[in-house]
Amino acid sequence: MDNAKPATKSDCHAPQHGDPAANGKVDHSEKPLSGHGDRAKLIARLKRIEGQVRGVQRMVAEEEYCIDVLTQIAALQSALKGVGLVLLEEHMAHCVVQAARTSDQAVEEKLEEVSQAIARFTR
């Protein structure tokens, strides 16, 4: 596994690990939202969520029944979690697998990155 070529920024849109110019910091500026799945579907889901947020804002402004507002907020949380799960699955299926093809160090770094993302996502 260590004989494979090192990962590049174009591989899964990840920053170059060990880049001395990065001073140990990860540059996420070149990372697209998702480079592997159907981006149009994710954008459509996010636009629906945006519409739901506007609906909740309207409900609050119009002083609608609190339980109805809370029900809509719960639906929003579920919708956002769904988008996050899709992104996490895509990252694991593509970026982590790509790292596994490059080197042991790359896969260890990706697994740590995914572990931290899962911890943030499940809070």
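Assorted remarks:
- Taking each residue of region 35-48 that is within 18 Å of H94 (Cα to Cα) and looking for partners that are modelled with pLDDT under 95 and exposed (fewer than 14 other Cβ atoms within 10 Å of the Cβ) with beta-carbon atoms closer than 9 Å, six or more apart or interchain, yields H36/A93; G37/E89; G37/A93; R39/P32; R39/L33; L42/L33.
- Some residue of region 95-102 being hydroxyl-bearing (S, T, Y) and buried (at least 17 other Cβ atoms within 10 Å of the Cβ): yes
- Filtering A75, A106 for residues that are within 25 Å of R39 (Cα to Cα), assigned to a helix (DSSP H, G or I) and in contact (Cβ under 8 Å) with a residue 12 or more places away in the chain leaves a single hit, A75.
- Unique residue being surrounded by 16 or more Cβ atoms within 10 Å (Cβ to Cβ) and either at pLDDT 90 or above or among the hydrophobic types (A, V, I, L, M, F, W, C) (or both) when the list is L70, L87: L87
- Test result for V69, touching a helix residue (DSSP H, G or I) at 6+ places or on another chain (Cβ under 7 Å), among the β-branched types (V, I, T) and under 22 Å from R45 (Cβ atoms): yes
The values are calculated or read from the model by the stated rules, or taken from the named source; none is laboratory data. Given the structure is predicted, the values throughout are model-derived calculations rather than measurements. Here Cβ is always computed from backbone atoms with ideal geometry, including for glycine, and neighbour counts include all displayed protein chains.
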